[in-house]
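Working notes, structure below.
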Amino acid sequence: MEEKDYEFFKNELLNRKAKILKIVSDNEKEMKSLSRTQASDEVDHATISADSAIEQAISNKQLIELKDVEYALFKIENKTYGICEMCEDNIGVQRLKVKPQAKYCILCREIVEKTS
């Protein structure tokens, strides 16, 4: 991978990291707001609980993605970015453009999905 490719993907990952951090922050504000909401009946209470659970699930998923993004940034700094962690072949640039934090090439990802 060329230096310009590393820079391109580093910028993509940094932008994604910023978006994730904003989503998580917004979700935390929303959950705090929901926790302060007074439920007037059981339906309101159920709605608030469901909304809180959804916001928490979104935040959890975003935090998992954030770890993957930070790991990809670490790999860029170590010049190991774009190498499949299973077969050690290069991950295609097109795949990285779709998912810059990809750890596996397409073939190995299919294997991981089938065995999970």
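Every number in this text was worked out from the coordinates using simple rules, so none of it is lab data. For clarity, every value in this text was computed on a predicted model and none was experimentally measured. A quick note on method: Cβ atoms are made from the backbone with ideal geometry, for glycine too, and the neighbour counts reach across all protein chains shown.
Here the chain is described by how far its Cα atoms reach on the three principal axes: 59, 32, 20 Å, from widest to narrowest. Toward the positive end of the charge dipole of segment 1-81, with +1 on the Cβ of Lys and Arg and -1 on the Cβ of Asp and Glu, the farthest Cα among Ala18, Ile54, Phe8 is that of Phe8.
Taking 29 Å as the limit for the C-alpha separation, the pairs Lys32/Lys103; Lys22/Lys103; Lys32/Lys75 exceed it in the case of Lys32/Lys103; Lys32/Lys75. Once both labels are positioned 7 Å from their Cα atoms along Cα-to-Cβ, the gap between Ala57 and Tyr71 label points is 2.3 nm.
What does the charge dipole of the chain about its Cα centre add up to, to the nearest 20 debye, if the Cβ of each Lys and Arg holds +1 and the Cβ of each Asp and Glu holds -1?
300
Could you name the lysines whose alpha carbon sits less than 16 Å from that of Lys29, not counting residues in the same chain fewer than 8 places away? Within the straight-line cut-off, Lys29 pairs with Lys19.
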